[in-house]
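Undergrad: The following block contains the structure, expressed as structure tokens.
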Amino acid sequence: GRAFHGDRVVVFVAPGSGTVAFVAGRRVGDAVVRNRARRILRAAWRELAPKLRDGYDVALVARGAIHGARTHDLVPEVEGLLSRAQVISS
């Protein structure tokens with residue numbers, strides 16, 4: 001697969017069955033912050049999933065800068081990263 005780095009999110013894309021994963025490591029913060037990061041990644045994904053082409057596995061990894069971000073902040077960033085990965089039909 002390939003990695004595409006943004007300010008608040010890293011997107012890993014590989015050919016596959018369409019699986020998606022949401023990851024927030026301990027560097028992001030304590031358990032409350034990590035859970036919030038995964039929740040807002042899931043919410044951003046729900047808005048973008050219908051545009052995704054079939055046949056790709058995607059992992060969205062939160063970076064430390066995600067702290068304090070909101071879903072509407074992440075949607076354009078994740079959409080741009082998926083466009084760079086050429087797996088989203090814009």
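The values are calculated or read from the model by the stated rules, or taken from the named source; none is laboratory data. This is a predicted model, so every value here is computed, not measured. Don't worry about glycine lacking a Cβ; one is built from the backbone with ideal geometry, like all the others, and counts go over all protein chains shown. Note: accessible area is taken over every heavy atom of the protein model, side chains too, but ligands, DNA and RNA are not part of it. Shrake-Rupley method; radii C 1.70, N 1.55, O 1.52, S 1.80 Å.
Undergrad: Kindly provide the set of residues from the stretch 1-14 that are surrounded by fewer than 17 Cβ atoms within 10 Å (Cβ to Cβ) and out of contact with any strand residue (DSSP E or B) (no Cβ under 6 Å at 6 or more places or on another chain), ordered by number.
TA: His5, Asp7
Undergrad: While we're looking at this one, here's another question. In the stretch 45-55, which residues are in a helix (DSSP H, G or I), open to solvent by 50 Å² or more (accessible area, probe 1.4 Å) and either touching a strand residue (DSSP E or B) at 6+ places or on another chain (Cβ under 9 Å) or touching a residue at least 40 places away in the same chain (Cβ under 8 Å) (or both)?
TA: If the condition is that a residue be in a helix (DSSP H, G or I), open to solvent by 50 Å² or more (accessible area, probe 1.4 Å) and either touching a strand residue (DSSP E or B) at 6+ places or on another chain (Cβ under 9 Å) or touching a residue at least 40 places away in the same chain (Cβ under 8 Å) (or both), then Lys51 is the only one that fits.
Undergrad: Looking only at the stretch 61-90, filter to residues that are within 12 Å of the chain's Cα centre (by Cα) and open to solvent by 60 Å² or more (accessible area, probe 1.4 Å); which one of those is nearest to Ala3 (Cα to Cα)?
TA: Checking each candidate, the answer is Arg63.
Undergrad: Moving to a separate point now. If you go through the stretch 56-66, how many residues are in contact with a helix residue (DSSP H, G or I) (Cβ under 6 Å, 6 or more places away or on another chain) and part of a helix (DSSP H, G or I)?
TA: The total comes to 2.
Undergrad: Have a look at Val58, Val32, Val23 and point out the one that is within 11 Å of the chain's Cα centre (by Cα), without any contact (Cβ under 8 Å) to a residue 60 or more places away in the chain and surrounded by fewer than 17 Cβ atoms within 10 Å (Cβ to Cβ).
TA: Val23
Undergrad: Which of the residues that make up the stretch 1-46 are in contact with a Lys or Arg (Cβ under 6 Å, 6 or more places away or on another chain) and more than 13 Å from Leu82 (Cα to Cα)?
TA: Result: Arg8, Phe22, Ala24, Val28.
Undergrad: Please go through the stretch 35-44 and give me each residue that is open to solvent by 30 Å² or more (accessible area, probe 1.4 Å) and within 13 Å of the chain's Cα centre (by Cα), ordered by number.
TA: Arg38, Arg39, Arg42
Undergrad: Looking at the stretch 20-42, is at least one residue farther than 19 Å from Ala65 by Cβ, touching a strand residue (DSSP E or B) at 6+ places or on another chain (Cβ under 9 Å) and outside any loop (DSSP other than H, G, I, E, B)?
TA: yes
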